[in-house]
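Here is the structure we will look at, set down as structure tokens.
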2 protein chains.
Amino acid sequence: MSDLKELLEVKKCPRQYVLAVNDTLNVISGKWKMPIIASLLYGIHRFKDLQENIGKITPRMLSKELKELELNGVVERKVFNTTPVRIEYHLTESGKKILAVMDSMIEWGLEHRERVVEVG
Amino acid sequence: MSDLKELLEVKKCPRQYVLAVNDTLNVISGKWKMPIIASLLYGIHRFKDLQENIGKITPRMLSKELKELELNGVVERKVFNTTPVRIEYHLTESGKKILAVMDSMIEWGLEHRERVVEVG
DNA sequence: AATATAACTATACAAAAGTATACCAATACT
DNA sequence: AGTATTGGTATACTTTTGTATAGTTATATT
């Protein structure tokens, strides 16, 4: 295959795919996104509980990340009119489906570790 | 389910899964990893060609990222004893399989965009 | 009136990631 | 000797991401 053909082939890589990958990366990149999403998946929904479960995250980061996830349509914030006020964070339908991406990442990561150990 | 049970359930989330996800994130996170891996997948292997294909990347970043990918066992660097010297970067077996992760990211990203457009 | 609790916010800072611009080394060609 | 080519490095920045530490608001409890 000629260099030109290859170049054209690359240019054909659909823009919507690039956008889709970037959207996904935005949602899962960073130190705390995965721990937060995983905790929500496991049924932890309140600020203090998330903070305790994740361990070393500061309230500033937890707040910031939850806001970003909410803005990205991955998390929904629910306010309950009790005293003291109770607030719960839940994954949206999209949010729950990130599990599929996590699964593919786990699969790749495990296989890769085995291969690296074999090779040296 | 009690809070305690939930907590224990979370603690059961296997450490090797956490490591696997982190390994994968390390390989795909950042502004340039995906463009580089995609270019390699599409058959572009030389430094200058990668630089041209990716567009706005500086040689410093391309060099740095390729080194990191090599260190992580995702890319292999081959030196050809020609004049002038020819160097090629190729994905390892592990590297090629990142396509599966990319696919799941594309799928999630596309679905998520549709859902966000629907909801508003 | 003092203390406790949930759910944060504010300010200042440090570290990591990325950019801009210029330069280098080896070899071959003219 | 001067120029071109490939495959990078070096230095100095700017931006983004994450940390540390303290404070706030609203209500209820003692």
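What the table below lists for this structure:
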{"item": "Theoretical ellipticity at 222 nm over the protein assembly as shown - DSSP helices of four or more residues, -39500 (n - 2.57) apiece, nearest 500", "result": "-21500 deg cm²/dmol"}
{"item": "Whole-number percent relative contact order across chain B, with pairs defined as alpha carbons under 8 Å at least 6 apart", "result": "19"}
{"item": "Inter-chain shielding of B:31-40 (mean C-beta neighbours from other protein chains, 10 Å cut-off)", "result": "2"}
{"item": "Global geometry of the protein assembly as shown, whether rounded, prolate or oblate, following the gyration tensor of its Cα atoms and the 1.5 cut on a/c", "result": "prolate"}
{"item": "Pseudo-label separations to other copies for B:Glu111 - Cα-to-Cβ vector, 7 Å, nm", "result": "2.0"}
{"item": "7 Å along Cα→Cβ, label-point gaps from B:Val18 to other copies, nm, shortest first", "result": "3.7"}
{"item": "Percentage of interatomic Cα-Cα distances in the stretch A:3-119 larger than 18 Å", "result": "61"}
{"item": "Where N is the number of residues in the stretch A:72-120, Cα Rg divided by 2.2 N^0.38 Å", "result": "1.94"}
{"item": "Distance in nm between pseudo-label sites at A:Glu52 and A:Leu71 (7 Å out along the Cβ direction from Cα)", "result": "3.0"}
{"item": "Accessible area of B:Arg46 in the full protein assembly, 1.4 Å probe (Å², nearest 10)", "result": "90"}
{"item": "Heavy atoms of B:Thr58: accessible area, 1.4 Å probe, square angstrom to 10", "result": "70"}
{"item": "Area of A:Trp108 that stays accessible when all protein chains are in place (1.4 Å probe, Å², to 10)", "result": "20"}
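The values are calculated or read from the model by the stated rules, or taken from the named source; none is laboratory data. Computed from a predicted model, the values in this text were never measured in an experiment. Here Cβ is always computed from backbone atoms with ideal geometry, including for glycine, and neighbour counts include all displayed protein chains. We work out accessible area using only protein heavy atoms, side chains counted, and drop any ligands, DNA or RNA first. Shrake-Rupley method; radii C 1.70, N 1.55, O 1.52, S 1.80 Å.
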